[in-house]
């Protein structure tokens, strides 16, 4: 479970080698930090030959339209950014991606458990546990401004083989070996 971050664009390309472009789906209202992620993801995607473009959505209808447009263009993929809107709509996004035959990577392993192809990201429980340590230090008198900023240090990956099969994808052994969970 403890491993260094791997870019979602490169994982998508490894899983679906025919991916030429990827939509980066998010809701600007619930992901004000998205511009930082979009820039980093676009750079990483370009490094593996994938063109990345933002796909802001605000409603179920916009999710449907975005996925339908991706499905109409062979070589399209989807990267779901972490935000409360995409989390609340994860089942719809996964169902639309499956219906439109669009390979998608999600920001947390739990998304693969709800039908998504592959989920890879930080272990939220670990972040919450570490936050409790910070609260404890503050309550004991530490000054918040003097506490070090910590980056996530635990990541997990889940791969849904049923979703891969439905998309006609063969999951490389290298990815299966890295996965913390393989859903049959």
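The values are calculated or read from the model by the stated rules, or taken from the named source; none is laboratory data. As the structure is a prediction and not an experimental result, all values here were calculated from the model. Note: ideal-geometry Cβ built from the backbone for every residue, glycine included; neighbour counts use all protein chains shown.
Tell me yes or no: at least one residue of segment 119-127 is within 14 Å of residue 160 (Cα to Cα), in contact (Cβ under 8 Å) with a residue 60 or more places away in the chain and surrounded by fewer than 18 Cβ atoms within 10 Å (Cβ to Cβ). Please lay out each step first, then the result.
So the first thing to find is which residues in segment 119-127 are within 14 Å of residue 160 (Cα to Cα), and the list is 119-120.
Checking the rest, the ones that are also in contact (Cβ under 8 Å) with a residue 60 or more places away in the chain come to 120.
Next cut, surrounded by fewer than 18 Cβ atoms within 10 Å (Cβ to Cβ) only: none.
Within segment 119-127, none of the residues are within 14 Å of residue 160 (Cα to Cα), in contact (Cβ under 8 Å) with a residue 60 or more places away in the chain and surrounded by fewer than 18 Cβ atoms within 10 Å (Cβ to Cβ).
Return yes when residue 136 is surrounded by 21 or more Cβ atoms within 10 Å (Cβ to Cβ), more than 14 Å from the chain's Cα centre (by Cα) and either free of Cβ contacts under 8 Å to residues at least 24 places away in the same chain or closer than 22 Å to residue 182 by Cα (or both) and no when it is not.
On the way: surrounded by 21 or more Cβ atoms within 10 Å (Cβ to Cβ): no; more than 14 Å from the chain's Cα centre (by Cα): yes; either free of Cβ contacts under 8 Å to residues at least 24 places away in the same chain or closer than 22 Å to residue 182 by Cα (or both): yes.
Judged against the criteria, residue 136 is not a match.
When the residues of segment 49-96 are filtered to those that are assigned to a loop (DSSP other than H, G, I, E, B) and within 17 Å of the chain's Cα centre (by Cα), the one that is farthest from residue 37 (Cα to Cα) is 89.
Residue by residue, here is whether (1) under 16 Å from residue 12 (Cβ atoms); (2) touching a helix residue (DSSP H, G or I) at 6+ places or on another chain (Cβ under 6 Å) holds:
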residue: 52; (1), (2): yes, yes
residue: 69; (1), (2): no, no
residue: 82; (1), (2): yes, no
residue: 114; (1), (2): no, yes
residue: 133; (1), (2): no, no
residue: 143; (1), (2): no, no
residue: 152; (1), (2): no, no
residue: 155; (1), (2): yes, no
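Being surrounded by 15 or more Cβ atoms within 10 Å (Cβ to Cβ), part of a helix (DSSP H, G or I) and under 16 Å from the mean Cα position of the chain (by Cα) is not true of residue 158.
Just one residue in the set 70, 12, 41 is crowded, with 21+ Cβ neighbours inside 10 Å, in contact with a strand residue (DSSP E or B) (Cβ under 8 Å, 6 or more places away or on another chain) and at pLDDT 90 or above; that residue is 70.
For segment 27-38, a residue qualifies if it is in contact with a strand residue (DSSP E or B) (Cβ under 8 Å, 6 or more places away or on another chain) and either over 24 Å from residue 88 (Cα atoms) or crowded, with 16+ Cβ neighbours inside 10 Å (or both), and the qualifying residues are 27, 34, 37, 38. Of the residues 172, 148, the single one that is without any contact (Cβ under 8 Å) to a residue 60 or more places away in the chain and either over 30 Å from residue 101 (Cα atoms) or surrounded by 12 or more Cβ atoms within 10 Å (Cβ to Cβ) (or both) is 148. Just to be sure before I move on: is residue 103 in contact with a helix residue (DSSP H, G or I) (Cβ under 8 Å, 6 or more places away or on another chain), surrounded by 11 or more Cβ atoms within 10 Å (Cβ to Cβ) and more than 16 Å from residue 25 (Cβ to Cβ) in the structure I sent? Criteria not met by residue 103.
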